[in-house]
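To keep things clear, I will list the structure first and then write my remarks on it.
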Amino acid sequence: GLLGKTSELMRWYREVADEYMKSNTEMSWVLPDGFRVIQNIPKTTIKKLNLERRKVIINYRVPTKTHDRRRNLYAFSPNVTHSMDATHLAMVLRRLPEDVPFVAIHDSYGMPAPYVARHEELIVHTFADLYESFDIREAIVRDYEQKFKRAPAAQPPELGVLTMDDVRGATYAFA
């Protein structure tokens with residue numbers, strides 16, 4: 001397929017999430033800095049609140065004790081990606097000199113143009129360092145094993161051919 005190994009990984013995330021949902025257990029994983037990410041998306045019921053004097057009806061959702069299987073299945077892959085992006089951002093901020101003006105929106109970083117050439121390598125190398133030193137697939141399996149005392153039935157896909165040296169040498173790894 002067009003996405004190759006990425007689509008295999010996304011499929012594996014859904015399979016693991018489905019195993020969690022079958023046991024009605026919240027998903028979690030631990031990032032390299034020790035932060036535990038918990039994904040718990042419950043089913044909700046809709047309640048109505050009528051404010052009679054104003055003729056206003058407010059609908060709001062109340063969580064139940066049951067996990068929303070569909071929403072958890074499709075949220076797992078992006079949430080894992082977002083958590084790794086947040087880890088990368090935290091690593092960059094720890095290494096970036098404090099006097100560098102820096103903004104971030106999700107996984108997009110910004111700084112004034114005169115700073116870019118000096119700090120682009122730091123951003124790219126930090127990304128490569130993260131993915132060389134930490135395998136999110138192993139972290140997910142490890143957390144699963146701690147909860148269920150066995151490995152997930154779904155086996156993680158093999159890595160593709162992209163190396164972190166490829167990332168370090170890329171002209172436009174971060175633009």
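The values are calculated or read from the model by the stated rules, or taken from the named source; none is laboratory data. Every value quoted in this text rests on a predicted model; they were computed, and no experiment measured them. When we count neighbours, we look across all protein chains shown, and the Cβ atoms used for this are built from the backbone with ideal geometry, even at glycine. Ligands, DNA and RNA are excluded from the accessible area calculation, which covers all protein heavy atoms including side chains. Shrake-Rupley method; radii C 1.70, N 1.55, O 1.52, S 1.80 Å.
Screening THR25 with (1) assigned to a loop (DSSP other than H, G, I, E, B); (2) within 30 Å of ARG150 (Cβ to Cβ); (3) open to solvent by 50 Å² or more (accessible area, probe 1.4 Å); (4) modelled with pLDDT under 95 gives one miss only, at (3). For first residues located in the range 93-111 and open to solvent by 100 Å² or more (accessible area, probe 1.4 Å), partners that are not charged (D, E, K, R) and lie 6+ apart or on another chain with Cβ distances below 7 Å form the pairs ARG95/LEU122; ARG95/THR126. Filtered by the rule that a residue be among the polar types (S, T, N, Q), closer than 26 Å to VAL92 by Cα and surrounded by 11 or more Cβ atoms within 10 Å (Cβ to Cβ), the range 117-175 gives THR126, THR163. The set of residues in the range 142-165 being more than 17 Å from THR6 (Cα to Cα) and either among the aromatic types (Phe, Trp, Tyr) or free of Cβ contacts under 8 Å to residues at least 40 places away in the same chain (or both) consists of TYR144, GLU145, GLN146, PHE148, LYS149, ARG150, ALA151, ASP165.
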